[in-house]
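S.K.: Can you keep this structure in mind? I'll have questions shortly.
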Amino acid sequence: MKVKVDQNVCVGSGGCAKSCPEVFKMDGDKATVHVDTVPKELEEKCHSIKDGCPSGAISIED
């Protein structure tokens with residue numbers, strides 16, 4: 001599974017990076033993904049983070 005953050009949509013709330021620093025990090029005022037493939041044990045967590053993203057900037061490719 002791959003996760004992406006649309007930099008044009010991200011509002012920089014930081015919730016994703018706080019909830020799952022293994023996958024997301026803040027780069028200035030925008031979130032980024034720092035893994036190529038999400039580890040299996042974090043897939044469900046990433047789906048929840050995507051659903052909770054206030055700007056809808058996170059997308060997932062299975």
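The numbers here are math on the coordinates, done by the rules we state, and not lab data. In this text the structure is predicted, and so the values were computed from the model without any measurement. Glycine gets a Cβ as well: all are built from the backbone with ideal geometry, and neighbour counts include every protein chain shown.
S.K.: Below 14 angstrom from the Cβ of residue 15, what's the summed charge of the other residues (Lys, Arg +1; Asp, Glu -1)?
M.R.: Taking every other residue near residue 15 into account, the sum is +3.
S.K.: Next question. Quick one: helix 43-52 against the long Cα principal axis of the chain, what's the angle to the nearest 10°, folded into 0 to 90?
M.R.: Value to nearest ten degrees: 30.
S.K.: Order of 22, 61 from fewest to most other C-beta atoms within 10 Å?
M.R.: Values: 22 14, 61 8.
Final ranking by Cβ density, sparse to dense: 61, 22.
S.K.: Also, I was wondering about something else. Using only the Cα atoms, work out Rg/Rh for the chain, with Rh taken as the Kirkwood radius, to two decimals.
M.R.: Details: Rg = 10.1 Å, Rh = 11.2 Å.
With Rh from the inverse mean 1/r over Cα pairs, Rg/Rh is 0.90.
S.K.: In nm, give the distance between the simple-model label positions of residue 25 and residue 44, each being 7 Å from the Cα along the Cα-to-Cβ direction.
M.R.: About 2.7 nm separates the two model spin labels.
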